[in-house]
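To start, the structure under review is shown below, and the notes come after it.
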Amino acid sequence: MPSAVKRPAERERWSSTRFVLFAFTFNALCLLVLLANLLTGNVWWKVAVPIAVVCLLFGGLAGFLARRLRLKER
């Protein structure tokens, strides 16, 4: 009976498109947090700014990985 757990050699490699989607999602989440903060009158800006910065960092990292992988795919 074959094992249900995939070994590292059998795992599907992520394409650059998946990284692009993650980058877009994190950057959109950052903008959504900042827009919600503005619409609520900057009441929770001390929480919103760190959340937005973390989202931008993850979005930037995913964008960087997408670019690096896309260069390898060519």
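Points to keep in mind about this one:
- Residue count for the range 54-63, restricted to those that are without any contact (Cβ under 8 Å) to a residue 40 or more places away in the chain and either more than 15 Å from residue 25 (Cβ to Cβ) or open to solvent by less than 30 Å² (accessible area, probe 1.4 Å) (or both): 2.
- Residues in the range 26-62 that are assigned to a helix (DSSP H, G or I) and not aliphatic (A, V, I, L, M): 26, 27, 30, 37, 45, 46, 50, 55, 58, 59, 60.
- Filtering the range 1-12 for residues that are assigned to a loop (DSSP other than H, G, I, E, B), open to solvent by less than 80 Å² (accessible area, probe 1.4 Å) and modelled with pLDDT under 90 leaves an empty set.
- Among residues of the range 30-52, those that are β-branched (Val, Ile, Thr), more than 20 Å from residue 62 (Cβ to Cβ) and open to solvent by less than 100 Å² (accessible area, probe 1.4 Å), counted: 3
The values are calculated or read from the model by the stated rules, or taken from the named source; none is laboratory data. This structure is a prediction, so every number in the text was calculated from the model and none was measured. Positions of Cβ are generated from backbone atoms using ideal geometry, with glycine treated the same way; all protein chains shown enter the neighbour counts. We work out accessible area using only protein heavy atoms, side chains counted, and drop any ligands, DNA or RNA first. Shrake-Rupley method; radii C 1.70, N 1.55, O 1.52, S 1.80 Å.
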